[in-house]
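What follows is a set of notes on a single structure, which appears directly below.
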Amino acid sequence: MPHAFRMEKTGGPEVLQWVETDPGQPGPGEVLIRNTAVGLNYIDVYVRTGLYPAPLPSGIGFEAAGIVESVGAGVSEFRKGDRIAHDGGPLGAYAELRTMPADKIVTLPDGIDDRHAAAMMLKGMTTEYLIRRTYPVKKGETVLFHAIAGGVGLIACQWLKHLGATVIGTAGSTEKAALARQHGCDHVILYREEDFVTRVKEITGGEGVPVVYDGVGKDVFLPSLDCLRPRGTMVTFGNASGPPDPIRPLILSQKGSLYLTRPTLGTYTATRQELVDCANALFDVVKKGAVKIEINQTYPLKDAPQAHRDLEARKTSGSTVLLP
C-alpha cells in the first residue's frame, strides 16, 4: 500500500503523519502519478504551522516530479508513462502515489531529470514571475535579493545575471555568502553583521535600488524600504522570519512614492497558458546552462519531519529533495 503524509492539525514537524493511502483511480480530467522526487519548500512550513491555512485533515507539499500511471476520462494531453512535474494544485505532493488535475501538470523535457525537476519547479517558477513579470528586471539594473543563498535566491541570482543585472544579496553566514558568490552574486552582505541599508547605499552610490525581493519577511522588511530609490518597488513574497508587521500606507509616500506588492505564484500561473509559459521559460534557462539547479540535501520522503526541522533551523542551502 502506498504511503503519504497527512496532517490532522497544525503545529511542529511532529504533526506530519506517514500513513497508508489509496488514491484510487483518476476521475475525469485527472491523472494518477507515481512520484519519483518531491520538492521541499518553505511554504510547506507555512502550511504545516497554519500561517497559510488549509482545510484539515490535509496533505502537504506543492511540487514533485513523477510518472503518469493512468489518466481519467477527457485527458488527451498526457498518457501512461509520461514524465511530468507539477507545482501547485491540490496539496499532497508528499506522497508515493497521488491523483492530480491534468491541467496542473507539465511535461518534463528531455535533458532535465526528475530530481532536478522536483528541486526547481516551485522555486524556479517563483523566480520567473518575480524577475520577469512582477518587476521585469532590465539589463544594467542593480537589484537587492534577500536570502540569496536559499533555494529561490540561488536560482534568482543566476537568472538575474543572465538578464544582465547586478545582484546585491544578503546572507546569514560566511558559508552562505561564499555559496552566493560561487553563483555569480556581485555583492553579498552579511545582514547579521552589517547594516544592509548602509551597504546598499554605498554600493549604489547613494541612489538605492529599483527593486527589493524579500522572502525573509519580518527581520528585513522595514529596513528594505530604505534601500529603494524613489518610485522603487518592494516585492515581499515570503515570511521565513515571520510575517512583516503592518505598515501605514503613508510610509510609502514618505519614503519616495514606493510601490509595494505581495505576489503569489498561483496568481501568476492561474491559467493553463500562464502555467505552461512559466514552466517553459524555466526549462529553457536550465537547458541552456544559464541556471544550474543545486540539490544540496536529499532525505527519504518518510523523513520529511526532520527535513522540516533542518529547513527551519536554516541548516540547508539551495534546494532539498525528498525521495520516495
Q) Can you sort Tyr268, Tyr52 by how many other beta carbons sit within 10 Å, fewest first? A) Tyr52, Tyr268
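Taking Cα pairs under 8 Å and at least six residues apart, what relative contact order does the range 56-95 come out at, in percent?
Values: 57 pairs, mean separation 22.1, N = 40.
The value is 55 percent.
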**Q.** Cα long-axis angle, helix 272-288 against the chain (0 to 90 degrees, to the nearest 10)
**A.** 70 degrees
Q) What does the highest-first list of 70-78, 153-161 look like by mean Cβ count within 10 Å? A) 153-161, 70-78
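Give me the percent of DSSP beta bridges within the chain that run antiparallel, rounded to the nearest 5.
Working: 30 of 53 bridges.
Restricted to the chain, the bridges split so that about 55 percent are antiparallel.
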Q: Taking only Cα atoms and a 10 Å spring cutoff, compute GNM fluctuations for the chain and point out the largest among Tyr129, Tyr94, Tyr213.
A: Tyr129
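How high is the relative contact order of the chain? Use alpha-carbon pairs under 8 Å, at least six apart in sequence, and give a whole percent.
Values: 704 pairs, mean separation 55.6, N = 324.
So the answer I get is 17 percent.
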**Q.** Residue list for the range 114-134, given a label point 7 angstrom along the Cα-to-Cβ vector of Asp277 and an amide N cut-off under 17 Å
**A.** 125-134
Q) Glu207 versus Ala290, label points 7 Å from Cα toward the beta carbon: distance in nm? A) 2.3 nm
Q) Can you give me the relative contact order of the range 139-262 as a percent, contacts being Cα pairs under 8 Å and 6 or more apart? A) 20 percent
(Q) Compute the helix-to-body angle for 114-129: its Cα long axis versus the longest principal axis of the chain, expressed 0 to 90° and rounded to tens. (A) 40 degrees
Q) Computed on alpha carbon atoms, what radius of gyration and Dmax characterise the chain, expressed in Å? A) 19.7, 62
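Report, in debye and to the nearest 20, how large the dipole of the range 119-197 comes out about its Cα centre when Lys and Arg carry +1 and Asp and Glu carry -1 on their Cβ. List each step's numbers first, then the result.
Numbers: 9 positive and 7 negative charges, 75 e Å.
Using only the charged Cβ atoms, the result is roughly 360 debye.
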Q.
Run the helix sum for the chain: -39,500 (n - 2.57) per DSSP H stretch of 4+ residues, divided by residue count, reported at 222 nm to the nearest 500 deg cm²/dmol.
A. -8500 deg cm²/dmol
Q. Based on the alpha-carbon gyration tensor of the range 139-262 and its eigenvalue square roots a ≥ b ≥ c, which shape applies: rounded if a/c is under 1.5, prolate if not and a/b is larger than b/c, or oblate?
A. prolate
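Read-outs throughout are calculated quantities, based only on the coordinates presented, and are distinct from any laboratory measurement. Quantities reported herein were computed from a predicted structural model and do not represent experimental measurements. In this analysis, Cβ positions are derived from the backbone assuming ideal geometry, glycine residues included, and neighbour counts consider all displayed protein chains.
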